[in-house]
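Trainee: Quick one: structure below, then a few questions.
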Amino acid sequence: MPHADGLYYERHGAGEPLLLITGWTISAAVFEPVLDLYARHFECIVYDHRGSARSEGSSPSTMGALADDAARLLTALRIPRALVNGLSMGGMVAQEVALRHPGRVRGLILGGTTPGGAFAPKLGPKEVFSIARGGIAERGIRAPLLFSSEFRRAHPERVDELIAYFKRHRSSVKTIAAQTLASAHFASTLRLDRIRAPTLVMHGERDRLVPLAASRLLAARIPDAELAVVPGTGHAFGLEAPQESLDVLLGWVERRLSRTRPREEAHVAPDR
């Protein structure tokens, strides 16, 4: 399977490059349920963080080092600039990419993420140990935090299918500890005004893992940012409402990357 500088990666589709950065301890397999959808519009690049899942090496314990990995991957793939889309912890990495490597970011998409500090998810030793043992299950700790209660009640079989992607290619306990440390120490609030890339901040309205207030703060502090709230969805809004989430992204690319518009908050009307 393809590796670049030790990082496992995949490329799907054609068009403008879209770098998808996965979250805490999770492999890029989590994007598989929606990759075909996104690959109709973008060249999607997905990868596993260093030391995580299918990638080689030891996991860094800072978001800055993880961001440097993302920039090196773009260099290895001969991609000068890309749309950088980070989800959950991947959104922390994406913020650092925009801060440390601004020339590589044509547009920044931050999904269900946080500037850290008081808005960071709180994970205790029991949760970390459970996840290290693969304890992601509908009756376990994490599923109720990934999807809205309405989605879990209405589509229990789909929840089980989606949870399986979170469990693929498990990371080691050492990697989980390193990424936990990186998340705990991450803080970007006082640096957000230095981000120069046009930015779309997306959040599930009923996210129980990362508060919506975190995305409101990101959108308020980043100079050229727009906030889109996906109604009725939880933390994994892109899996829970895939077409609605993609439509928000496509609309923003069309609207914001061609000309500057005033900052606004958009609410997406779900299909009924």
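Trainee: Would you mind giving the average projected area, over all directions, of the Cα convex hull of the stretch 1-100 in nm² with one decimal?
Mentor: 5.6
Trainee: For the stretch 150-225, I need the span (max minus min coordinate) of the C-alpha atoms along each principal axis, in Å, sorted largest to smallest.
Mentor: 42, 35, 19
Trainee: A follow-up question, please. Going by amide H atoms built from the backbone, whose H comes under 5 Å of the H on Ile21, apart from near neighbours?
Mentor: Asn85, Gly86, Leu87
Trainee: Based on the mean of other Cβ atoms within 10 Å per residue, sort peptides 246-257, 99-110 so the most packed one is first.
Mentor: Sorting 246-257, 99-110 by mean packing, highest first, produces 99-110, 246-257.
Trainee: Moving on to the next point. Under 8 Å for C-alpha pairs, at least 6 residues apart: give me the relative contact order for the stretch 3-267, rounded to a whole percent.
Mentor: That works out to 20 percent.
Trainee: Find how many whole Å separate the alpha carbon centroid of the stretch 196-211 from the alpha carbon centroid of the stretch 1-65.
Mentor: 20
Trainee: Only sites in a loop by DSSP and with at most 16 other Cβ atoms within 10 Å count here; which trypsin sites (Lys or Arg not before Pro) in the stretch 10-71 make the cut?
Mentor: When the trypsin sites (Lys or Arg not before Pro) of the stretch 10-71 are filtered for loop state and at most 16 Cβ neighbours within 10 Å, Arg40 remain.
Trainee: Only Cα pairs under 8 Å and at least 6 apart count here; give the relative contact order of the stretch 29-103 as a rounded whole percent.
Mentor: Result for the stretch 29-103 is 22 percent.
Trainee: Quick one: Kirkwood hydrodynamic radius for the stretch 3-267, alpha-carbon pairs, angstrom, one decimal?
Mentor: Radius from the Kirkwood sum: 18.1 Å.
Each value in this text was obtained by applying a stated rule to the coordinates, not by laboratory testing. The structure displayed is predicted, hence computed values, not measured ones. Don't worry about glycine lacking a Cβ; one is built from the backbone with ideal geometry, like all the others, and counts go over all protein chains shown.
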